[in-house]
Amino acid sequence: MDIGSYGENLARKFLEKKGFKLIEKNFKTPRWGEIDLVMRDGDTLVFVEVKTRSGSAAMLYGGPLGSINYHKMKSIQRAAQFFISSKNLNQEAARLDAVSIIVPDTGEPEIEHFPSISKL
């Protein structure tokens, strides 16, 4: 299993412990890439971007979330809007969250959840 898949599984389990329910993982769009996790938090549809880094260089360049720049954010928003329209969920409340995971060389992974990083 690669580091990205490992991180997505950790994030899913972490969010499920917080009461989230998995709807879909690795949802691919024809144009805007992939949504790592689509989950439900109560009545809210949540699109989760998971960023995982490992080893001693994990915190370089802003850590895991440093790679979510303006263009990546726009792609995630468009992918989420595509999901909503393709599943006919236009009346649903929705938000975009991020999960940062650092996998150290030794010890347990550090997981941080950032709710509502952007509006849809």
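Quick test of your reading of the structure: residue 23 fulfils all but one of (1) of a type in the set (A, V, I, L, M); (2) without any contact (Cβ under 8 Å) to a residue 60 or more places away in the chain; (3) in contact with a Ser or Thr (Cβ under 9 Å, 6 or more places away or on another chain). Name the failing condition by number.
(3)
So which of 75, 5 is assigned to a helix (DSSP H, G or I), of a type outside the set (A, V, I, L, M, F, W, C), in contact with a Gly (Cβ under 7 Å, 6 or more places away or on another chain) and over 15 Å from residue 97 (Cβ atoms)?
Going through 75, 5 in turn, the sole match is 75.
Here's the yes/no breakdown for (1) touching a helix residue (DSSP H, G or I) at 6+ places or on another chain (Cβ under 6 Å); (2) modelled with pLDDT under 95; (3) farther than 21 Å from residue 74 by Cβ:
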residue: 26; (1), (2), (3): no, no, no
residue: 32; (1), (2), (3): yes, yes, no
residue: 40; (1), (2), (3): no, no, yes
residue: 48; (1), (2), (3): no, no, no
residue: 51; (1), (2), (3): yes, yes, no
residue: 55; (1), (2), (3): no, yes, yes
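Residues in the stretch 6-21 that are farther than 16 Å from residue 110 by Cβ and of a type in the set (A, V, I, L, M): how many?
Matching residues across the stretch 6-21 total 0.
Out of 100, 116, which single residue is under 15 Å from the mean Cα position of the chain (by Cα), surrounded by fewer than 16 Cβ atoms within 10 Å (Cβ to Cβ) and in a strand (DSSP E or B)?
116
Step by step: first the residues of the stretch 81-97, then only those that are of a type in the set (A, V, I, L, M, F, W, C) and more than 17 Å from residue 51 (Cα to Cα), then the one that is surrounded by the most Cβ atoms within 10 Å (Cβ to Cβ). Which residue is that?
The extreme case among them is 83.
Hey, any hits in the stretch 52-71 for a residue that's within 13 Å of the chain's Cα centre (by Cα) and outside any helix (DSSP H, G or I)?
Yes, some residue in the stretch 52-71 is within 13 Å of the chain's Cα centre (by Cα) and outside any helix (DSSP H, G or I).
Within the stretch 79-97, which residues are on the phi < 0 side of the Ramachandran plot, more than 14 Å from the chain's Cα centre (by Cα) and not aromatic (Phe, Trp, Tyr)?
Within the stretch 79-97, 81, 84, 85, 86, 87, 89, 90, 91, 92, 93 qualify.
The values are calculated or read from the model by the stated rules, or taken from the named source; none is laboratory data. None of the values given here were measured: they were computed from a predicted structure. Reconstructed Cβ throughout: ideal geometry from the backbone, glycine too, with neighbour counts over all protein chains shown.
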